[in-house]
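Following: one structure in structure tokens, then a few remarks.
The values are calculated or read from the model by the stated rules, or taken from the named source; none is laboratory data. Predicted, not measured: the structure shown is a model, and the values here were computed from it. All Cβ positions, even for glycine, are placed from backbone atoms using ideal geometry, and neighbour counts span all protein chains on display.
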Amino acid sequence: METTFGAVMGATLAVGLWRNRGLIRAATTSSTAESLSPAVEWPLLGLHLMLLTLVEFSSVAWVDAVYDFGLLLGYLPVVLIAGGRWAPVLLALPVTALPICGKTLNNLAYEQHTLPRELGWVLLVAVPLIGLTVLALKLRRQAEMSGVTAHQVLSPALLVAAWLYFGLNYAFFGFPWPWVKWTARTPNALAFAACLAGLTWLALRKPDGQPPAAARP
């Protein structure tokens, strides 16, 4: 289910972005200021982060009633991406990774006891989230430099995110390598590996002759 859903949604977004690349280029190059002030952007980002953490790792009735519904869960991120300065890149990297890292930690360190809890917190939560936050801030500052293209900013983010989620997925499902005894997870792992190879190629390839859109994560 996860592989099919991810492939269909990823393909839909890719086709939509490609077909509307001219409009996106015009919007990014003509935009000179974000619509959300820092006094609004950062509290909204903090609110989303708090609600996301609560709905994923606790059971609070009113939070579950509001934020466990997919459309409402996506409302604040849409606002932040459309009008924020720092929120778009932070949402794309550390905020998205937070529940995935947390669920992997819970599975490997607290349920299966594959890793000591202290080591799990370091390897599965602290290192990925700190690294992604540093990368997000670096890429956002880089995007403001003159002469920097969208490809230069977004390629490292795609490469790091793809390999991180591939590694977390493999760890969560017990490293279903194709050369060991096959399980129900092995075909999924092979499909994920093929997708990872394609995404890695896209991240590392040089852009074509057309000038890419101005970078604005």
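Structural remarks
- Boolean, A7 is in a helix (DSSP H, G or I), in contact (Cβ under 8 Å) with a residue 60 or more places away in the chain and surrounded by 12 or more Cβ atoms within 10 Å (Cβ to Cβ): yes
- Taken over the range 42-87, residues that are under 20 Å from C101 (Cβ atoms) and touching a residue at least 40 places away in the same chain (Cβ under 8 Å) amount to 8.
- Positions within the range 137-163 being within 15 Å of the chain's Cα centre (by Cα), surrounded by fewer than 18 Cβ atoms within 10 Å (Cβ to Cβ) and aliphatic (A, V, I, L, M), in sequence order: L137, L158, L159
- Taking every residue in the range 162-188 that is touching a residue at least 60 places away in the same chain (Cβ under 8 Å) and pairing it with any residue that is among the aliphatic types (A, V, I, L, M) and outside any helix (DSSP H, G or I), at least 6 positions away or on another chain, the pairs with Cβ-Cβ distances below 9 Å are A171/L115.
- Flag if A65 is modelled with pLDDT under 90, of a type in the set (A, V, I, L, M), in a helix (DSSP H, G or I) and surrounded by 12 or more Cβ atoms within 10 Å (Cβ to Cβ): no
- Cβ-Cβ under 6 Å pairs, at least 6 apart or on other chains, the range 92-103 side closer than 13 Å to G131 by Cβ and touching a residue at least 12 places away in the same chain (Cβ under 8 Å), far side of a type in the set (D, E) and surrounded by 22 or more Cβ atoms within 10 Å (Cβ to Cβ): none
- Residue among L168, L154, L164, L132 that alone is touching a Ser or Thr at 6+ places or on another chain (Cβ under 7 Å) and either modelled with pLDDT under 90 or more than 23 Å from K206 (Cβ to Cβ) (or both): L168
- Spans of helices (runs of 4 or more DSSP H) in the range 87-187 with at least 3 residues of a type in the set (A, V, I, L, M, F, W, C): 87-90, 96-105, 127-143, 150-172
- Set V79, V55, V40: member being of a type outside the set (D, E), part of a helix (DSSP H, G or I) and within 21 Å of L129 (Cα to Cα): V55
- Flag if N188 is touching an Asp or Glu at 6+ places or on another chain (Cβ under 8 Å) and either closer than 22 Å to A97 by Cβ or hydrophobic (A, V, I, L, M, F, W, C) (or both): yes
- Test for T12: is it over 25 Å from E144 (Cα atoms) and in contact (Cβ under 8 Å) with a residue 24 or more places away in the chain: no
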